[in-house]
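Some notes on the structure that comes next.
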Amino acid sequence: DSSLEEIVQLHRLPCVAHTLQLVVKELEKNNTYRTLLCKVKGLVKFIKISSVAQEKLINLCGKVVVKNCITRWNSILFVVDRLLTIRAPLEQILKELRHDSLTNTEWESVADLHKLLQPFAEMTDNLQTDTLSLSSLIPAVAELTLHLQDTTLPKLQAQMLLQSLRKRFAKFLDARIDALPAAACLLYPSVSACLMRDDMLKLVD
């Protein structure tokens, strides 16, 4: 109906899951992050090309390392998650093969990175489904905003992601808020009740 089209101006929202991954890519601008990942990737590469190391690892824990794939969302999280899971047998094998492992400080940084990225992976999975409701958008961004303000996270990296998140999703959080997702939230009972909490209201104030 042409008259309806004149009244209602339809617009396309960007893929939320993809936008979240663009936020995560901001970490690549951080030198500390790049240095850590370079060493992590080198460690994974050594295990991958060593049949002896892989056989020993499978015998000890029944798992292998995960290789980074730049075209796969949350790939870095999968890499560090597996390393943390198999840390003990991995370090034993590296010692036997006289190959350097990560330092204790670097292992702590890997754990911090895992904690930082885990919620992004969960939200990406939730927001890329075919059954996604528009009412999920603002709560997801609000939850990630709160997550990145956790004082136990590495401060510099968390601030980088927080700034990028706020910039890329500004129209859902600031005074110029997009009316359509906001209306969807208010019409969905469980989401509406959540957004009425004081801590959530502060995010969109």
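Here are a few things to note about the model shown:
- Qualifying residue in the stretch 147-155 (condition: within 21 Å of Lys29 (Cα to Cα), assigned to a helix (DSSP H, G or I) and modelled with pLDDT of 75 or more): yes
- The stretch 17-36, subset surrounded by 17 or more Cβ atoms within 10 Å (Cβ to Cβ) and under 12 Å from Met160 (Cα atoms), residue farthest from the chain's Cα centre (by Cα): Tyr33
- Any pair with Cβ under 6 angstrom, 6 or more apart, that starts in the stretch 102-119 at a residue that is closer than 16 Å to Lys41 by Cα and ends at one that is of a type outside the set (D, E, K, R) and surrounded by 16 or more Cβ atoms within 10 Å (Cβ to Cβ): Ser109/Leu36; Val110/Val80; Leu113/Val80; His114/Val80
- Just one of the listed residues (Gln149, Gln128) is over 12 Å from the mean Cα position of the chain (by Cα) and free of Cβ contacts under 8 Å to residues at least 24 places away in the same chain, and it is Gln149.
- Filtered by the rule that a residue be out of contact with any Pro (no Cβ under 6 Å at 6 or more places or on another chain), assigned to a helix (DSSP H, G or I) and closer than 17 Å to Val79 by Cβ, the stretch 102-118 gives Glu106, Trp107, Glu108, Ser109, Val110, Ala111, Leu113, His114, Lys115, Leu116, Leu117, Gln118.
- Candidates Thr152, Thr105 - the one that is under 18 Å from Thr35 (Cα atoms), open to solvent by 30 Å² or more (accessible area, probe 1.4 Å) and of a type in the set (Val, Ile, Thr): Thr105
- Note on the stretch 65-101: among residues that are among the hydroxyl-bearing types (Ser, Thr, Tyr) and in a loop (DSSP other than H, G, I, E, B), the one that is surrounded by the fewest Cβ atoms within 10 Å (Cβ to Cβ) is Thr71.
- Residue within the stretch 123-146 that is open to solvent by 40 Å² or more (accessible area, probe 1.4 Å) and at pLDDT 95 or above present: no
- Test result for Val40, open to solvent by less than 90 Å² (accessible area, probe 1.4 Å), closer than 28 Å to Phe120 by Cα and either part of a helix (DSSP H, G or I) or not small (Gly, Ala, Ser) (or both): yes
The values are calculated or read from the model by the stated rules, or taken from the named source; none is laboratory data. Quick caveat, the model's predicted, so the values are computed rather than measured. So basically every Cβ, Gly included, is an ideal-geometry build from the backbone, and we count neighbours across all protein chains shown. Protein only, heavy atoms only, side chains kept; ligands, DNA and RNA dropped before computing areas. Shrake-Rupley method; radii C 1.70, N 1.55, O 1.52, S 1.80 Å.
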